[in-house]
Amino acid sequence: LMQHGLPAELTLVPLIESGYRPRAESPQGAVGLWQFMPETGRQFGLKRSLWYDGRRDIIASTQAALDYLEHLNKRFDGDWLLTLAAYNCGPSRVRRAIGKSNTRNYWEVAADLPTETRKHVSKLLAAIQIVGDPMRHGVALQPIPNVPIVTEFDLGGPIALKYLTAVEGWSVDKFEELNPAFNREYTDPEGPFGI
């Protein structure tokens, strides 16, 4: 987020979208930490195949989400509330609501947005308040050190993931937890090959 020049509070978007669960799926077809719909994921470079779904790739989907949030924020002239509403229900829906209410004030536009979107933005604002001052809200948050806890590396080509975990002696459950984008026991023959 810092590299993109985006507000740090956006780290809470996946809390509201998926509860930080990369395998989360909505009834409408959104998938992953950032809950990308298939077409939006494709537009922002997330590959989908029989073997792999980039919407569940923690690193790839985060990069795509930041690109998407940047794109939306430019479309809505830097207004983060409209940006977050558009992230949830789509930019066209927000544009129609702006046209109908004849204002760019989110609080006035909100009446013409879906209930789910209004709740989404409100939950995010509440999470920001709680994380910003947890003691005031009676919440005990443990500090999270800002250090890498995993290393990403390129396998260089297709491989049977079962073989990889067996040879390296890795826990299959832990491997699947850290690499939720793989749909099969093999990497996509055409990549990506990062794990």
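The values are calculated or read from the model by the stated rules, or taken from the named source; none is laboratory data. If you're wondering where the values come from, they're calculated on a predicted model, not measured in any experiment. Backbone-built Cβ (ideal geometry, glycine too); neighbour counts: all protein chains shown. Side chains included, ligands, DNA and RNA excluded: accessible areas come from the protein's heavy atoms. Shrake-Rupley method; radii C 1.70, N 1.55, O 1.52, S 1.80 Å.
General remarks:
- Options 171, 92: the member that is surrounded by fewer than 14 Cβ atoms within 10 Å (Cβ to Cβ), modelled with pLDDT of 95 or more and either of a type outside the set (Lys, Arg) or touching a Phe, Trp or Tyr at 6+ places or on another chain (Cβ under 9 Å) (or both): 92
- Of the numbered criteria (1) within 19 Å of residue 127 (Cβ to Cβ); (2) surrounded by fewer than 20 Cβ atoms within 10 Å (Cβ to Cβ), the one residue 22 fails is (2).
- Residue check for residue 9: of a type in the set (Asp, Glu), in contact (Cβ under 8 Å) with a residue 40 or more places away in the chain and part of a helix (DSSP H, G or I): yes
- Among the candidates 148, 134, 91, residue that is in contact with a helix residue (DSSP H, G or I) (Cβ under 9 Å, 6 or more places away or on another chain) and not aliphatic (A, V, I, L, M): 91
- Qualifying residue in the range 130-142 (condition: open to solvent by 90 Å² or more (accessible area, probe 1.4 Å) and either acidic (Asp, Glu) or under 21 Å from the mean Cα position of the chain (by Cα) (or both)): no
- Yes/no for residue 33 being modelled with pLDDT of 95 or more and surrounded by 20 or more Cβ atoms within 10 Å (Cβ to Cβ): yes
- Residues that are of a type outside the set (Phe, Trp, Tyr) and without any contact (Cβ under 8 Å) to a residue 24 or more places away in the chain number at least 2 in the following helices (runs of 4 or more DSSP H) confined to the range 77-195: 80-89, 91-101, 115-132, 161-168, 172-178.
- Sole residue being acidic (Asp, Glu) and under 23 Å from residue 62 (Cα atoms), chosen from 190, 168: 190
- Subset tally (residues that are within 20 Å of residue 2 (Cα to Cα), in contact with a helix residue (DSSP H, G or I) (Cβ under 6 Å, 6 or more places away or on another chain) and in a helix (DSSP H, G or I)) for the range 37-68: 2
- Taking the criterion of being within 16 Å of residue 180 (Cα to Cα) and either small (Gly, Ala, Ser) or exposed (fewer than 15 other Cβ atoms within 10 Å of the Cβ) (or both), the residues of the range 42-63 that qualify are 49, 50, 54, 59, 60, 61.
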